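Supplied in C-alpha cells, the structure appears directly below.
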Amino acid sequence: MTPGVDLASRWLGGSVVAASDESFGEKENLLVPAAAAFEPGRYGHRGEIVDGWETRRRREPGHDWALIRLGAPGTVSSVDVDTSFFTGNFPAACVVEGCGAEGYPSPAKLLDPATSWAELVPRSPLRGDAHNTFPVTDPRRFTHIRLSIFPDGGVARLRVLGHVIPDPRGLELLTIDLASQEYGGTVVASSDDFYNSASLLIRPDTARSMGEGWETRRRRDSGHDYAIVRLAFAGRVHRLIADTAHFKYNASAEVAVYGCGDETPPATESPAWEPLLPRTRLQPDTRHDLAVSHAGPVASVRIDAFPDGGLSRVRVIGGVDPAARSRAGYRWFNSLPQAQAVRCLTAAGLAPELAVDVASQRPLTAGWLAGSRRQLPGAGDLAALASMLEGGAGG
C-alpha cells in the first residue's frame, strides 16, 4: 500500500491547535505545505528567524508538545519529523501519539487525562537537519496527533502520511465531490507528471497558481495525456468541473472523461470505461461546469487531456451510491478507537452498556445488523445503528 497523503496538510484543513511553547518559532510552521527554508543572519526581537516550530531552552523538568488536528482523519502509515536547518537546537527525541475525537474538542479537552491517546511512535532519537521518518502500524483511525519533543528544541515540519477514512454520516443526503482527497479520492495513475503531479487535480482547495495544478511536458507526438482517479465513494455523477485556472498559455485544449463501476480501476484501454463526457473544448484560465448524464454508479474515472495536461482541478459532482455508503459506514466504524466508537453509539441513542457491547463486537460486517435484531432491545436502537452504519433506517 502506498504511504498515502499528508493527513495533517493545511491543504486538507489541518491545524496546529496548541503548543506548550513557541518562543523562537511559531507552531503553525509545522504544517506549512512548502519545504522549510532558512536564511542565515536574519534576526528579530526573539532571535534568529527560523522556519519551523522552536521552543525556548528548558531550565526545568518536563518537555514540549504540540497538538495537531488532522485535516482529513484516517489511518497513519508513517510520520516525518523534519528537523531541516535545526543543527545545534533540534530535540534529542520525540514521541508521536494519536487520538480519535468527536466534533471539535478544545486543547483543554484534548489534554484532559480522560482523553485516550495511543502511542504511534515510541520515544525515539532524532537527527538534526534531517527527515526523521518513522513507520506506524496502528490500524485505527485518528483525528488528532500529539507531537512531544524532549526536552525542547526546533522542528521544521511535521508530515503525517496515511489514508483518509471519511466519516460518512449524513453524506447520503448530500451531493459532493466524489473524487476529493478530503473524502479519500486517489489519483492512481497518470501518463506524465513532468512538471506537477496529477494528484493535485483532486485537492479540495482552489489553486493559487499554475504551480498547484497538473502540468505535463509538451507532447511532440499524436498521443494524449490521462489521469485515473479512484473515487472516494462510488456514486451517480451529475456534473463534472474541469478547471484550467492559471493555465493561460498551456491549458489542455480538450478533455474527455470516462467512468467505470469497478472500485479497482481497469487498464487505460479497457472496454470497461464508459463515456461520461465526450471530447469537449476548454478555455484557458476558466472553470468549466459541465453536465453529465449517466445512469451510474461510477467508482473510478479517467480524464483524457488533449494533447497534453494543463489542468488545475477536476471535480466529480454526484450523490453517494447506497451500497458504497454502507461499505464506508462499516469501514469507518470498525476503524475507530474503542472510546470514540462507544461515544458515537451513545450519541446515536444506545444505552452505555449496549454501546460498549456493540463496539466490542467489531469488526462488524454488512450482515451483522440484520443478524443482530434479536440482540437490540428496541426498534429505536436498530434504526439508530442502521442510520449510522448504512445511511438508512432500520425496520
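Once R0 is set to 25 Å, what does the formula 1/(1 + (r/R0)^6) return for the Cβ-Cβ distance between GLU254 and LEU174, expressed as a FRET efficiency to the nearest 0.05?
Values: r = 31 Å, r/R0 = 1.23.
Given R0 = 25 Å and the Cβ-Cβ separation, E is 0.25.
Which number comes out as Rg/Rh for segment 5-164 once both Rg and the Kirkwood Rh are worked out on C-alpha atoms? Don't jump to the answer; show the numbers that get you there.
Values: Rg = 14.8 Å, Rh = 15.6 Å.
That ratio equals 0.95.
Here is a further query. Specify the inter-centroid distance of segment 182-200 and segment 55-83, based on alpha-carbon positions, in whole Å.
Segment 182-200 and segment 55-83 have Cα centres separated by 28 Å.
Name the residue, out of GLU263, GLU60, GLU22, whose mean-square fluctuation peaks in a Gaussian network model built on the chain with Cα pairs under 10 Å.
Of GLU263, GLU60, GLU22, the most mobile in the Gaussian network model is GLU60.
With Rg and the Kirkwood Rh both taken from Cα atoms, where does Rg over Rh land for segment 171-320? Mind showing how you got there, number by number?
Details: Rg = 13.9 Å, Rh = 14.9 Å.
Dividing the radius of gyration by the Kirkwood radius yields 0.93.
Using Cβ counts within 10 Å as a stand-in for footprinting exposure, how do GLU269, GLU212, GLU254 rank, fewest first? Spell out each step's value before the answer.
Working: GLU269 6, GLU212 18, GLU254 15.
Sorted ascending by nearby Cβ count, the order is GLU269, GLU254, GLU212.
Can you pull the percent of Cα pairs in segment 336-390 with separation above 12 Å?
Beyond 12 Å sits 63 percent of the P(r) for segment 336-390.
Compute the distance from the alpha-carbon center of segment 239-287 to that of segment 101-119, in whole Å.
If we compute the Cα centre of each part, the gap is 43 Å.
For the chain, list log₁₀ I(q)/I(0) at each q in 0.09, 0.11, 0.12 Å⁻¹, using the Debye formula over Cα point scatterers of equal strength and ignoring solvent, two decimals each.
Log10 of I(q)/I(0), two decimals: -0.63, -0.89, -1.02.
In nm, what is the difference between 0.36 nm times the number of residues separating PHE194 and ARG220 and their Cα-Cα distance? Present the calculation step by step, with values, prior to reporting the outcome.
Values: separation 26, 0.36 × 26 = 9.36 nm, distance 1.43 nm.
Stretched out fully, the PHE194 to ARG220 stretch lengthens by 7.9 nm.
Take the Cα atoms of segment 294-339, build their convex hull, and give its volume per residue in Å³.
Cα convex hull per residue, to the nearest whole number: 132 Å³.
Can you give the relative contact order of segment 171-320 as a percent, counting alpha carbon pairs under 8 Å and 6+ residues apart? Kindly include the intermediate steps, with their values, before the conclusion.
Numbers: 426 pairs, mean separation 55.7, N = 150.
Taking the mean separation of contacting Cα pairs over the length of segment 171-320, I get 37 percent.
Taken together, the values in this text are just the output of simple stated rules run on the coordinates, not laboratory data. Computed from a predicted model, the values in this text were never measured in an experiment. Quick reminder, even Gly has a Cβ in these numbers, built from the backbone with ideal geometry, and neighbours come from all protein chains shown.
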